[in-house]
Amino acid sequence: MSSPVLPDNSSSSNSVAILGVLASGSGSNFEAIACAIEQGNLLAKIAVVIYNEPDAFAKQRAEKFGIPAILVNHRDYKSRQALDRAIIELLQQYKVDLVIMAGWMRIVTQVLIDAFPERILNIHPSLLPSFKGIHAIEQAFNYGVKITGCTVHLLSLEVDSGKILKQAAVPVLPEDSLEDLQKRIQIQEHIIYPEAIAEYSHHISSNTADRIRSYR
């Protein structure tokens, strides 16, 4: 893991959420979030993208937006805890407020959750609590449900079981192929993930301000 060149986030407004993105693959949700920021729909800054697969396309997406992208290859660490400690060190160096899972295909440990309690968001391609785990769209499709969708939730140690923040429903049409359904769910993911980040970061800012006022 190379030493990053750290930005100065000290001049950022307190109302601007500093995001750290974790990605393993294409990073399309990351790009949707970055576009929402550029378009003024999300008051946030992505400080760093951390990726664990050397060929992850998320790296190229990050470079397009001028965002530092750092490889933390899980194969270089003897345990999940050691990997998470390396990730925490980077996130803290970049002064991250919220950790955004954007297709991060590693099971996290309590080490990471404790470092960012209720500050790690994930998106899952089903209407949780239904169809947890991998291949969620295929699970729903094969089960024959008429409505599925996607869910933004807080990360917890139990997979896909954290507090639900936002959901979008997607009907399963009679003529749908699995690929058709995947594409329509992904469209909704790209809509609700930036919205959920905006809403949750505002919630955190409001609660922090309330606590500060209570101490005065």
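The values are calculated or read from the model by the stated rules, or taken from the named source; none is laboratory data. Keep in mind the model is a prediction, meaning the values are calculated, not measured. Neighbour counts run over all protein chains shown; Cβ positions are idealised from the backbone, glycine included. Just so you know, the surface numbers come from the protein's heavy atoms only, side chains and all, with ligands and any DNA or RNA stripped out. Shrake-Rupley method; radii C 1.70, N 1.55, O 1.52, S 1.80 Å.
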Angle between the Cα long axis of helix 80-93 and the longest principal axis of the chain, 0 to 90 degrees, nearest 10? 50 degrees
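What accessible area per residue, rounded to a whole number of Å², is obtained for the chain using a probe radius of 1.4 Å?
Numbers: 11240 Å² over 216 residues.
For the chain, the per-residue accessible area is 52 Å².
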Summarise the accessible area of segment 25-112 (1.4 Å probe, protein heavy atoms) by the percent that is carbon and sulfur. 48 percent
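Can you tell me the relative contact order of segment 111-214? Whole percent, Cα pairs under 8 Å, sequence separation 6 or more. Spell out each step's value before the answer.
Values: 140 pairs, mean separation 25.8, N = 104.
About 25 percent, as a whole number.
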Residues with amide H under 5 Å of I50's amide H, sequence separation 5 or more or different chain, H placed in the peptide plane at 1.01 Å from N; which? V21, L22, A23, I70
Work out the length of the dipole vector of the chain about its Cα centre, built from +1 on the beta-carbon of each Lys and Arg and -1 on the beta-carbon of each Asp and Glu, and round it to the nearest 20 debye. 540 debye
What percent antiparallel are the DSSP beta bridges of the chain, to the nearest 5? 40 percent
In nm, give the distance between the simple-model label positions of V111 and D176, each being 7 Å from the Cα along the Cα-to-Cβ direction. 3.9 nm
Between G149 and residues 5 or more places away or on another chain, which pairs have amide H atoms under 5 Å apart, with H built 1.01 Å from N, and which residues are they? L127, V170
Need one number: nm distance between label points at E158 and H203, each 7 Å from Cα along Cα→Cβ, rounded to one decimal. 1.9 nm
With Cα atoms, 0 to 90° folded angle of helix 178-215 axis to the chain main axis: 40 degrees
Is segment 22-99 rounded, prolate or oblate when judged by the Cα gyration tensor, a ≥ b ≥ c being the square roots of its eigenvalues, rounded requiring a/c under 1.5 and prolate requiring a/b larger than b/c? oblate
For H202, tell me the accessible area in Å² from a 1.4 Å probe, rounded to the nearest 10. 120 Å²
Inter-part gap, Cα centre of segment 11-73 to Cα centre of segment 121-153, in whole angstrom, is 24 Å
